[in-house]
């Protein structure tokens with residue numbers, strides 16, 4: 001699939017943390033748009049997507065001169081008060097274009113020079129392992145959250161055909177943890193999974209966050225409903241997984257192998 005790539009120089013990179021991210025002083029998106037184009041992505045319903053004529057997932061804007069812009073903004077922000085950064089809220093910082101453009105890596109280099117009080121890296125891409133050297137230099141001021149919405153590759157292919165294989169994400173969690181980087185597995189949204197999912201995660205992480213459409217799309221599930229995602233559940237005869245209570249099926253399994261203080265629900269799991 002061909003993606004439309006544009007190069008743009010933003011005026012600003014650090015945005016004020018609001019709404020779901022109000023625990024953070026700032027959010028930071030190295031790109032606009034995301035070529036993973038996950039079927040259930042709530043960003044499709046946000047202005048960044050609605051003002052574009054191209055379909056979400058088919059385009060990405062690369063932010064030029066990002067490191068220089070961030071350096072200035074970060075120096076200013078850290079001189080004013082505590083700085084906590086969520087990267088990223090509406091794009092994957094390690095989507096395929098990052099292999100070539102390395103905007104995210106350049107931003108990490110700036111943050112190693114001028115460390116924020118805390119950096120949360122949210123991704124579903126194994127490419128994050130490339131930056132272990134930089135992440136280690138942030139020590140306990142960073143957490144990498146890897147999205148693993150299911151342990152079933154057949155389900156992943158139905159819902160997010162362009163996203164990386166689940167096995168590669170598991171392997172990345174293992175590598176990050178072995179390197180000594182704070183990690184969490186994030187089951188968001190809760191897609192149909194097998195009963196062995198909790199056991200697999202137990203071997204990889206000490207921290208799991210669960211989020212679903214109803215808790216996490218910022219509108220009690222309405223944004224997601226507008227995407228028509230329910231029809232995919234119908235097609236797979238898995239309608240019982242599309243329900244505000246469905247997350248309990250996974251959460252209860254996790255509780256049998258994780259302690260209460262290792263499990264987080266929705267917003268709590270993303271807080272600094």
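Taking the C-alpha atoms of region 78-220, how large are the radius of gyration and the largest Cα-Cα span, Dmax, in Å?
15.3, 49
So for region 82-160, what percent of the C-alpha to C-alpha distances run longer than 16 Å?
I get 53 percent for the Cα pairs in region 82-160 exceeding 16 Å.
Report, as a whole number in µm² per second, the diffusion coefficient that Stokes-Einstein gives for region 29-89 at 4 °C and 1.567 mPa s using the Kirkwood radius over alpha carbon pairs.
The calculation lands on 96 µm²/s.
Using helices alone, I'd like the mean residue ellipticity at 222 nm for the chain: each DSSP H run of four-plus residues gives -39500 (n - 2.57), total over residue count, nearest 500.
The helix-only estimate for the chain comes to -8500 deg cm²/dmol at 222 nm.
Would you mind checking the tilt of helix 166-179 against the longest principal axis of the Cα atoms of the chain, expressed as 0 to 90 degrees and rounded to 10?
Roughly 50 degrees, rounded to the nearest 10.
Angle, helix 66-80 long axis vs. longest principal axis of the chain, Cα atoms, 0 to 90°, nearest 10?
With rounding to tens, the tilt is 90 degrees.
So what are the three principal axis dimensions of the chain from its Cα atoms, in whole Å, longest to shortest?
The Cα atoms of the chain stretch 51, 44, 31 Å along the principal axes, largest first.
Please label the shape of region 44-132 as rounded, prolate or oblate, based on the square roots a ≥ b ≥ c of the eigenvalues of the alpha-carbon gyration tensor (a/c under 1.5 means rounded; beyond that, a/b larger than b/c means prolate, else oblate).
Since a/c reaches 1.5 and a/b is larger than b/c, the shape of region 44-132 is classed as prolate.
Hey, with R₀ at 41 Å, roughly what FRET efficiency would residue 154 and residue 100 work out to, going by the Cβ-Cβ distance, to 0.05?
For R0 = 41 Å, the calculated efficiency reads 0.85.
Given the options 184, 45, 237, state which has the largest fluctuation in a GNM of the chain using a 10 Å cut-off (strictly under) for Cα springs.
Result for the chain, Cα springs under 10 Å: 237 fluctuates most.
Out of 138, 50, 173, any idea which swings most in a Gaussian network model of the chain, alpha carbons joined below 10 Å?
In the Gaussian network model the winner is 50.
On alpha-carbon atoms, Rg over Rh for region 137-272 using Kirkwood Rh?
Radius of gyration over Kirkwood radius for region 137-272 works out to 0.96.
Say R0 is 30 Å: what FRET efficiency, to the nearest 0.05, do residue 54 and residue 238 get from their beta-carbon distance?
0.50
Restricting to region 4-270, what percent of DSSP beta bridges are antiparallel, rounded to 5?
Just about 15 percent of them are antiparallel.
Values in this text are rule-based calculations from the coordinates and carry no lab data. Everything numeric here is computed off the predicted structure, so don't read it as measured data. Virtual Cβ from ideal backbone geometry, glycine too; neighbours counted across all protein chains shown.
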